[in-house]
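Each remark here refers to the structure printed beneath this line.
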Amino acid sequence: MKLWPTSLGARTLLTLLLGLALVQAAGLTIHAYDRIDLQHQEEASALGMRAMGIYRSIVATSVSERQAALQDLDLGPGTTAKLQQGPPLEPADPTPDQLAHAIRFSMSFVQVRAANHPRDVQMRGIPWDGGITIGYLLPDGGWLSVKIITPPPRPWHSPTFLWAFGVMTLCAAILSFWAVRQLTGPVATLAAAAEALGRDVNAPPLPEGGPDEVARAASAFNTMASRIRRFVQDRTFLLAAIGHDLRTPITRLKLRAEFIDDDELRDKFLADLDELDTMVSATLAFGRDTSDMEPAVPLDLAALLRTILDETGDARPSQADGLTLDAAAHVTLRGRPVALKRAFANLIGNAVKYGATARVCVACPHPGLATVTVEDDGPGIPPDQLERVFDPFYRVEDSRNRETGGTGLGLPIARNIFRAHGGDVVLANRAGGGARATVTLPV
Ligand SMILES: Nc1ncnc2c1ncn2[C@@H]1O[C@H](COP(=O)(O)OP(=O)(O)OP(=O)(O)O)[C@@H](O)[C@H]1O
Ligand SMILES: [Mg+2]
């Protein structure tokens with residue numbers, strides 16, 4: 001099973017070639033048996049005539065000169081002949097009937113005077129398997145025994161045959177290769193298009209040409225992509241509409257709250273309204289970020305992170321010392337700068353907010369992949385909530401809400417942005433305490 005390749009192309013090609021080899025082998029075997037049969041027939045008739053020719057020469061000579069005549073005769077390859085008293089007993093095996101029949105038939109083509117016809121003909125053995133002995137009973141007594149050994153048939157022994165076989169195999173292999181390419185090419189294109197759509201809903205549509213099935217698949221894919229696009233647009237529009245419509249009543253409520261006489265109640269009212277306002281803004285940003293129309297450009301990861309750290313340091317001068325960047329690897333990638341900045345700012349902001357420090361490290365563990373880790377010395381995140389914090393509006397502890405004042409949308413937004421770039425972000429707790437966010441991005 002280990003030899004079985006994993007790619008569709010290689011599997012199809014292998015199956016085709018194996019099938020082809022089987023068909024070729026079967027065809028060759030049939031061809032070989034056919035040729036062997038033919039060669040046997042040719043051999044049988046040739047040796048029948050040859051033996052009969054020898055007999056004709058001997059029977060025509062007088063008894064006393066036969067031995068000498070036999071010596072002078074050119075018998076031909078693999079042939080021996082002798083005069084003897086009895087019929088031949090060697091070799092032990094009888095000649096098969098069909099073969100004996102064919103040999104007798106061929107003998108009838110050699111013209112012999114009626115008086116000289118052999119009185120009896122006996123055969124033993126097989127010409128290509130140890131040789132055949134044909135015994136003729138001479139009209140005046142005594143036997144002429146002719147032994148003929150023929151080489152075994154060689155069905156492949158033809159230069160054109162080998163050439164034809166080679167050219168046939170090569171043509172079939174090239175055709176199979178071409179057919180497999182035709183077949184698997186569209187699958188790869190479809191996979192690449194799906195991948196591109198995952199990163200960017202506005203990726204260009206697939207060309208809908210080629211064979212019927214491929215064109216239909218491409219058209220179905222394009223329809224699906226446009227539905228997803230419309231769905232995302234509808235959702236963004238809906239979010240914008242809700243956000244917009246909520247803004248006005250919130251502003252009105254804020255204005256009216258100013259008229260509340262009770263100071264404490266008014267402050268609480270305003271604080272709640274502010275929180276509501278922040279949530280509405282964050283919701284709007286969430287919708288905007290996940291359907292970002294911003295174009296992708298080449299950008300320097302270290303420079304981007306340096307800017308975020310500087311801005312965070314400016315906003316919180318007391319914590320500026322705890323913000324460090326270790327960018328040993330120089331990484332340039334194609335991405336949407338504003339979105340990526342928002343995503344990294346969320347992670348660094350969390351580290352500073354919940355862990356007071358942020359150690360950022362850029363690495364390139366292997367070609368084609370960059371990682372950014374953001375570590376802090378805070379309390380970390382309960383292990384069973386490491387994934388839940390990526391749910392929109394989920395925050396670990398309610399009591400912290402007031403102090404740190406977030407909406408719980410930072411991480412889901414960040415994850416959305418990284419995934420739209422073909423990467424991801426995961427959270428973990430460090431062995432020495434504190435949390436670590438690890439971002440992976442293809443470069
Ligand atoms: N580095 C961290 N250390 C400890 N807890 C963290 C860390 N990062 C995130 N969390 C927890 O995960 C929760 C969700 O984080 P997330 O960034 O999504 O929202 P937020 O920071 O509360 O609000 P905002 O939308 O303003 O970012 C946080 O409320 C916090 O409890
Ligand atoms: Mg946050």
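The values are calculated or read from the model by the stated rules, or taken from the named source; none is laboratory data. Quantities reported herein were computed from a predicted structural model and do not represent experimental measurements. Quick reminder, even Gly has a Cβ in these numbers, built from the backbone with ideal geometry, and neighbours come from all protein chains shown.
Select from region 254-274 the residues that are in a helix (DSSP H, G or I), among the aliphatic types (A, V, I, L, M) and free of Cβ contacts under 8 Å to residues at least 12 places away in the same chain and list them in ascending order. Spell out how you get there, then give the answer.
Just the residues of region 254-274 that are in a helix (DSSP H, G or I), to begin with: 254-257, 263-274.
Imposing the further condition that a residue be among the aliphatic types (A, V, I, L, M) reduces the set to 255, 257, 265, 270-271, 273.
Within region 254-274, Leu255, Leu265, Ala271 meet the criteria.
Scan region 278-308 for residues that are closer than 27 Å to Ile228 by Cβ, modelled with pLDDT of 80 or more and small (Gly, Ala, Ser) and report the count.
Adding up the residues that qualify gives 2.
Are any residues in region 192-216 closer than 29 Å to Phe418 by Cα and at pLDDT 90 or above, and if so, which ones? Let's see the steps before the verdict.
Filtering region 192-216 for residues closer than 29 Å to Phe418 by Cα gives 192-207.
Within region 192-216, Ala192, Ala193, Ala194, Pro205, Leu206, Pro207 qualify.
May I ask you to list pairs of residues, at least six apart or on different chains, whose Cβ atoms are under 9 Å apart, with the first in region 235-253 being touching a residue at least 60 places away in the same chain (Cβ under 8 Å) and the second being of a type in the set (A, V, I, L, M) and surrounded by 14 or more Cβ atoms within 10 Å (Cβ to Cβ)?
So the pair list comes out empty.
Would it be correct to say that Ser176 is outside any loop (DSSP other than H, G, I, E, B), of a type in the set (S, T, N, Q) and touching an Asp or Glu at 6+ places or on another chain (Cβ under 7 Å)? Before you say what the answer is, go through the steps one by one.
Details: outside any loop (DSSP other than H, G, I, E, B): yes; of a type in the set (S, T, N, Q): yes; touching an Asp or Glu at 6+ places or on another chain (Cβ under 7 Å): no.
No: the conditions fail for Ser176.
Only one of these is within 16 Å of ligand 2 (Cβ to nearest atom), farther than 16 Å from Ala435 by Cβ and either hydrophobic (A, V, I, L, M, F, W, C) or free of Cβ contacts under 8 Å to residues at least 40 places away in the same chain (or both): Ala285, Ala370, Ala320. Name it.
On the way: Ala370 fails: within 16 Å of ligand 2 (Cβ to nearest atom); Ala320 fails: within 16 Å of ligand 2 (Cβ to nearest atom).
When all the criteria are applied, what remains is Ala285.
Which residue is surrounded by the most Cβ atoms within 10 Å (Cβ to Cβ), if the candidates are limited to region 114-149 and must be within 19 Å of Gln67 (Cα to Cα) and of a type in the set (D, E, K, R)?
So, considering only residues that are within 19 Å of Gln67 (Cα to Cα) and of a type in the set (D, E, K, R), the one surrounded by the most Cβ atoms within 10 Å (Cβ to Cβ) is Lys147.
Taking helices (runs of 4 or more DSSP H) that fall entirely within region 326-443, which contain at least 2 residues that are at pLDDT 90 or above and within 9 Å of ligand 1 (Cβ to nearest atom)?
On the way: elements: 337-355, 398-404, 410-420.
Filter on region 326-443 gives 337-355, 410-420.
Suppose we filter Asp37, Asp74 for residues that are of a type outside the set (Gly, Ala, Ser), exposed (fewer than 13 other Cβ atoms within 10 Å of the Cβ) and closer than 30 Å to Gly141 by Cβ; which single one remains? Reasoning before the result, please.
Values: Asp37 fails: closer than 30 Å to Gly141 by Cβ.
Within the list Asp37, Asp74, the selection yields Asp74.
Looking for whichever is on the phi > 0 side of the Ramachandran plot and out of contact with any Ser or Thr (no Cβ under 6 Å at 6 or more places or on another chain) here; the options are Gly86, Gly76. Which one fits?
Answer to the check: Gly76.
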